[in-house]
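Report on the following structure.
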Amino acid sequence: MISITWKRLYSRKWISITTLLAFISIYTLIPFGWDKSKTATTTIQKSIEQYGRGSYDLLVRPPSSRTTIERALHMVEENYIGDSKGGISISEWKKIKEDPDVEIAAPVASLGYFRGKKVSIEFPVLNRPTRFTYQFYTSDGRKKYPLNKEKSIVYFERPHPGMIQYITNNREQQLFSSSMSVLMPENYYLLVAIDPDSEGKLTRIDFSALKKKTNNPILQDILKSYGNPPVVKVLQNRDLHIPLYLKLTVDQLDVKLPDYLTMLGLRESQWMMEASPEKIDAALSTLQKAPIQSSQTMEINLSHFQKPFDGSALALSDQFVPMLSERFVADHNTSVYYVASKLQYEHVQSVPTVNIVHHGEPPSYKKIEKKGVSMQESQDIPFLIEQVGTFSQNTSSRNRLAASPLGIYGEMKAIAEDGTILTPTTHPGSFIPSPASGVTTLDAAELIKGKKPIDAIRIKIAGITNYNEAAREKIKKVATKLLKMGYEVDVVAGSSFKEMTLRVEGIGNVKESWTTLGVAQTLTETWNGFYILTTILLILFAGFWLVVRFIFEQNTLARENELLSIIGWEKEKIRWRNILEQYMLTSIALIVSLFFLYQWDATPSMYAVAVLLWIFTLAAVALLWMRREKTRKRIHAYKQLASIFYYKQLIIPMMFVLCLALTLLAIHIAALGDAWQRSSTTSMGNYINDRTNFFRLFVAIVVFYLNTISLSEGVASLFNERKQEFVMYRMIGWTKGKIVKFLFMETFAWSAWASLAGAVISGTILCMLNVSMKWICIGIGIAVLMVAITLGSMIGSRLVQLSE
Amino acid sequence: MISLKNISKSFHIQSGRLEVLKNIQLAISKGEWVSIVGPSGSGKSTLLHIASGLLHPDSGDVCFNDTNIYQLTERQRSNWRRNHIGFVFQDFKLLPYYSVLDNVILPLYYDHPKHELRKKAKKLLHMMGIDESLFSRLPESLSGGEKQRVAIARALIANPDVLFCDEPTGNLDHENRNHIVQLFCQLHIQGKTMVVVTHDMEVAVHANHIYRLVNGMLARAEVRI
């Protein structure tokens, strides 16, 4: 029996080889496709476990603090706390901190926009009389905004050290004859209160300097003269980039000092600025008409030197290069501050839009309210700001995939339509949320904001190492507890940055990264679902394809069986011969497949899948060959679609293969595209996409290849069965065009139904999986096109063969 | 009407080339019945295929009313075959899924209005002695003789000038064979040109000329009845 079976396989060697290759493809590619799909999902899970957790897990805020836009978009605005009004007391925070499930509870309270002490920049003493016309500017990355009115200093000469003869229209500061120093403009910076211990644990930044006492002798003198007001100790953020520019025009004048001393009514030994303001203004007016010998205008970038709370004193060299100076003028008036309202978004459901609240230079996008008392106005000042140290963000340990809203130290990237990176200005009403420029203590927050100063508490849950299912459950448990206490709670673990487009008046469209909550959860669910779906589809496809293949083979063998029966073979023997043939083929295919899997370093589970598929094949062969064949024959012809109905035994399995192939392709393409697109909106998703693209592409190729071989095998079987029919068409005088037309109509009739069924099934499954309509259409469209091309090319090549 | 001049044809086989037809000359006049006999594998069917424009000869010309059919395009040759040639095969070559009637109209299916074709097909089937109750039946449910008569009706649907028959009685019993021969004789009397390839001398003898194909050479055969 084995010998005769082997001989048949050998005599039909091309058919046997083709079948063998098809089986090898099934036994190798399905385990591979499944494994790669699994690898992709494992990679995603590991990435999420590793990177899904940000620096904290829960964001707890006072009741009703969630903004309309946050509710609408399920997002958290980045660094929005710059505008908050508090709502949680220090005692409430302490209660949360004591919960054993809470590892860290780091409070944050936004105090508003404060200014530190102003220091000066000194102009150089040159050889000739010179007029310095100057103006300070800030920038939002697109445009520069003046911070003061243009002013000028006219230098005449330096008769001796300690006496510089100059006049200026700057009367807003104290002037000295020993230097030409002007104070830098007023800039306001976000000050945030924290608890140094918990914040230190959360960020790994050392904030202990906030606990130290100040011993600045100048400050002590000021405090004494103002009745010892409280000192707000501040640690300054070293990483800030504050845009500050000095526009300077230097005109060399042909003027003589004695002439102007006379004009001012002064003696030679007197300092020019001792003259009355009126006389100084008159002299400056005359100087406007003085002949200019040479002139140059320059813009000096002072951004590198600018610090929020403890400014750097500067001096310009003879070549107008800025450098640090030990000699300076300072202004300690730090007890005035501003609070700003939150940004008001309109059209939150479509494109969130932000309008200008106050048109100015720079424009303000928030309502600004001045608070505190100026030293110049009163002796009764509420506090004085004193910088006691600096801190720097530890960037190396920063997780750039997981978002932690209120990552108060990070500068947020906002990009305008033209690609310009927008930066926060030194104005409190800036559209770009500014990072915390300085931090202070909760005591200071209570002093400034009252009894409930805390705007948010960032909580890290105890006992979590990886962001896995157990971690998610624990986080959820604590979140529920806090929700019951009445707070607004957001699960920040598993969130990621998502690029948002905002429409900003005066700027245009701006892209910002906002924190999208629950990204890791969604990613895990999306890709787990995709993996399960791919596995089911691959198994279904393999099973169906094998069954269909055996039905084709049964049809091919029908005539031979009849012949063997005529010559006296028992039915059992015929059946056994047929089964043995399939067993031999599939077993050879399995051995070759196992060899290939070994060569490709397959995992044990891949071998198991291959063997299980083989066992399924054996069972399918046995069941199919054991079933009783229908003997009833039709007498009358079908009125419509006669050829399709006649060959239904071949065409119906073919329709199933086509339907399943289209379903598999459509679902794979649509689900993959949708999952990829959903993932790519967030930074974590993008990272995952980058890491898993290869695996997914591999699975897609496997799916397409399996579809192609199954369809080509089906077409080949169908054509072999009907070979004589096509020869006859030629004999009775049908042209090639007519044969093609006939075949096209016939193929279209059954393939259209199969494709429609495939499209409906895949569309329904995809809808149930919440895949977007765009991707459903793309998936089905591409699948139909691919199936049509495959089917068309198979039929075309067969027709060419027949006509030869 | 049909002339085959210097026709040669050989096929590649494993051991080299097999020369099937060697310099064949044959002229068939309008209304003639020509029978070609010869042992199995002598090239009778090959000659029939060449004569009907289905198989290119290695050399030589096949002319139909002075038109060399192998100088026609594939499309023209198909049209010529459809309009001037009718085929009858040993294994009938009926499409199993079409009814008897649809099988008959198949050659002109795309060229003529269906109702006209059906009318004509019914007439032909009646002429062939097929009962009307069989018209809607599938070929599988017919007897061998009935199948062959349906095949002849199909061959005649375009009213061809020449009828090529390849072993038309090879699969039939004695009674059915006689019936078919009678039909051929009627067609011959009606003026159809017939080219019949057969083993069966009882069929062949009705021809005006009998040729024997042996070792690739065609020769007039002497007929003894």
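The values are calculated or read from the model by the stated rules, or taken from the named source; none is laboratory data. Because the structure is a prediction, the values reported are computed rather than measured. Glycine gets a Cβ as well: all are built from the backbone with ideal geometry, and neighbour counts include every protein chain shown.
Overview of values
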read-out: Near pairs, Cβ below 6 angstrom, 6+ apart or cross-chain, from the range A:660-678 (closer than 14 Å to A:ALA759 by Cβ) to any residue that is not in a helix (DSSP H, G or I); value: A:ALA670/A:VAL771
read-out: Which listed residue, of A:LEU540, A:LEU546, is assigned to a helix (DSSP H, G or I), among the hydrophobic types (A, V, I, L, M, F, W, C), surrounded by fewer than 18 Cβ atoms within 10 Å (Cβ to Cβ) and touching a residue at least 60 places away in the same chain (Cβ under 8 Å); value: A:LEU540
read-out: Matching entry among B:LYS22, B:LYS123, B:LYS30 (being surrounded by fewer than 17 Cβ atoms within 10 Å (Cβ to Cβ), under 24 Å from B:GLY191 (Cβ atoms) and touching a residue at least 24 places away in the same chain (Cβ under 8 Å)); value: B:LYS30
read-out: Subset of the range B:33-64 [without any contact (Cβ under 8 Å) to a residue 60 or more places away in the chain and either at positive phi or polar (S, T, N, Q) (or both)]; value: B:GLY41, B:THR46, B:GLY53, B:SER59, B:GLY60
read-out: Flag for A:LEU442 being within 34 Å of the chain's Cα centre (by Cα) and either among the charged types (D, E, K, R) or modelled with pLDDT under 80 (or both); value: no
read-out: Any hit, the range A:451-474, residues being more than 22 Å from A:TYR487 (Cβ to Cβ), out of contact with any Cys (no Cβ under 7 Å at 6 or more places or on another chain), in a helix (DSSP H, G or I) and of a type in the set (A, V, I, L, M, F, W, C); value: yes
read-out: Considering residues of the range B:78-95 that are in contact with a helix residue (DSSP H, G or I) (Cβ under 6 Å, 6 or more places away or on another chain) and not hydrophobic (A, V, I, L, M, F, W, C) only, the residue nearest to the other protein chains (Cβ to nearest Cβ); value: B:ARG82
read-out: Residues within the range B:96-119 that are away from every other protein chain (no Cβ under 12 Å) and either part of a helix (DSSP H, G or I) or touching a residue at least 12 places away in the same chain (Cβ under 8 Å) (or both), tallied; value: 6
read-out: Test: A:VAL702 is of a type outside the set (Gly, Ala, Ser) and either in contact (Cβ under 8 Å) with a residue 60 or more places away in the chain or within 13 Å of chain B (Cβ to nearest Cβ) (or both); value: yes
read-out: Selected residue (criterion: surrounded by the fewest Cβ atoms within 10 Å (Cβ to Cβ)) from residues of the range A:95-125 that are at pLDDT 90 or above and among the basic types (Lys, Arg); value: A:LYS95
read-out: Flag if A:ASN693 is under 47 Å from the mean Cα position of the chain (by Cα) and away from every other protein chain (no Cβ under 12 Å); value: yes
read-out: Residue within the range A:648-664 that is surrounded by 20 or more Cβ atoms within 10 Å (Cβ to Cβ), over 30 Å from B:TYR97 (Cα atoms) and more than 12 Å from chain B (Cβ to nearest Cβ) present; value: yes
read-out: Residue in the range A:315-322 that is assigned to a loop (DSSP other than H, G, I, E, B), surrounded by 13 or more Cβ atoms within 10 Å (Cβ to Cβ) and in contact (Cβ under 8 Å) with a residue 12 or more places away in the chain present; value: yes
read-out: Complete set of residues in the range A:278-328 that are farther than 15 Å from A:TYR155 by Cα and of a type in the set (Asp, Glu); value: A:GLU278, A:GLU299, A:ASP310, A:GLU326
read-out: Test: A:VAL621 is away from chain B (no Cβ under 14 Å), at pLDDT 85 or above and under 48 Å from the mean Cα position of the chain (by Cα); value: no
read-out: Yes/no for A:TYR145 being in a strand (DSSP E or B), on the phi < 0 side of the Ramachandran plot and free of Cβ contacts under 8 Å to residues at least 40 places away in the same chain; value: no
read-out: Residues satisfying the stated conditions in the range A:183-229, i.e. touching a strand residue (DSSP E or B) at 6+ places or on another chain (Cβ under 8 Å) and of a type in the set (Asp, Glu); value: A:GLU186, A:ASP195, A:GLU199, A:ASP206
read-out: All positions within the range B:34-54 that are outside any loop (DSSP other than H, G, I, E, B), within 14 Å of chain A (Cβ to nearest Cβ) and among the aliphatic types (A, V, I, L, M); value: B:LEU48, B:ILE50, B:ALA51
read-out: Helices (runs of 4 or more DSSP H) within the range B:141-221 that include 3 or more residues closer than 28 Å to B:GLU19 by Cβ; value: B:201-204
read-out: Residue list for the range B:90-148, filter: at pLDDT 90 or above and of a type in the set (Asp, Glu); value: B:ASP131, B:GLU132, B:GLU146
read-out: Cβ pairs under 9 Å, 6+ apart, first in the range A:564-575 and part of a helix (DSSP H, G or I) and surrounded by 10 or more Cβ atoms within 10 Å (Cβ to Cβ), second modelled with pLDDT of 75 or more and of a type in the set (Lys, Arg); value: A:LEU564/A:LYS573; A:LEU564/A:ARG577; A:SER565/A:LYS571
read-out: Residue within the range A:772-779 that is over 22 Å from A:LEU660 (Cβ atoms), within 14 Å of chain B (Cβ to nearest Cβ) and of a type in the set (Gly, Ala, Ser) present; value: no
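Okay, residues lined up against (1) of a type in the set (Phe, Trp, Tyr); (2) at pLDDT 75 or above; (3) farther than 30 Å from A:ILE588 by Cα:
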{"site": "A:LEU9", "(1), (2), (3)": "no, yes, no"}
{"site": "A:ILE17", "(1), (2), (3)": "no, yes, no"}
{"site": "A:THR28", "(1), (2), (3)": "no, yes, no"}
{"site": "A:PHE32", "(1), (2), (3)": "yes, yes, no"}
{"site": "A:GLY52", "(1), (2), (3)": "no, no, yes"}
{"site": "A:VAL60", "(1), (2), (3)": "no, yes, yes"}
{"site": "A:GLU70", "(1), (2), (3)": "no, yes, yes"}
{"site": "A:HIS74", "(1), (2), (3)": "no, no, yes"}
